[in-house]
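Here the structure comes first, spelled out in structure tokens, and everything after it is commentary.
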Amino acid sequence: LEPGPAAGVAMAGFLKVEPGQPFPEHTHGGSELVFVLQGGLKDSHGTVLRCGEQHKMADGTQHSFVALEGPTLIYLFMAEQGVQFDFPFDP
């Protein structure tokens, strides 16, 4: 998605992860805002997000997460400076 001029160089989009599947460790280059549209997740810091919840992560936050059992996880994200993976990753 193209987030619009107010978002500067941010990237935005949808992420879909099947139940029980992990999303690899990554670092946020700037803050990131996520809004869960379906399903849920639990991140490596113990934060649990479910459908209808949003969460903002600070610049430099590093974490991974796993999609909760139940409906497929789908969330909308906006990352101010993108994310960086420690290894090649093609979502």
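Taken per residue, the accessible surface of the chain reaches 60 Å², heavy atoms only and a 1.4 Å probe. For segment 42-53, the Karplus equation 6.51 cos²θ - 1.76 cosθ + 1.60, evaluated at θ = phi - 60°, returns couplings of 10, 8, 5, 9, x, 6, 10, 10, 10, 3, x, 9 Hz by residue, with Gly and Pro reported as x.
With 0.36 nm allotted per residue and the present C-alpha distance subtracted, the THR47-SER31 stretch has 4.1 nm of extension available. Tally up the carbon and sulfur contribution to the accessible surface of the chain as a whole percent, 1.4 Å probe, everything protein left in place. Carbon-and-sulfur percentage of accessible area, whole number: 54.
By a 1.4 Å probe calculation restricted to protein chains, GLU32 has an accessible surface near 10 Å², given to the nearest 10.
At the residue level, PHE14 shows approximately 120 square angstrom of accessible surface with a 1.4 angstrom probe and all protein chains present. Accessible surface comparison of SER31, SER44, probe 1.4 Å, protein chains only, largest first: the order is SER44, SER31.
The values are calculated or read from the model by the stated rules, or taken from the named source; none is laboratory data. For clarity, every value in this text was computed on a predicted model and none was experimentally measured. Calculation scope for accessible area: heavy atoms of the full protein, side chains included, ligands and nucleic acids excluded. Shrake-Rupley method; radii C 1.70, N 1.55, O 1.52, S 1.80 Å.
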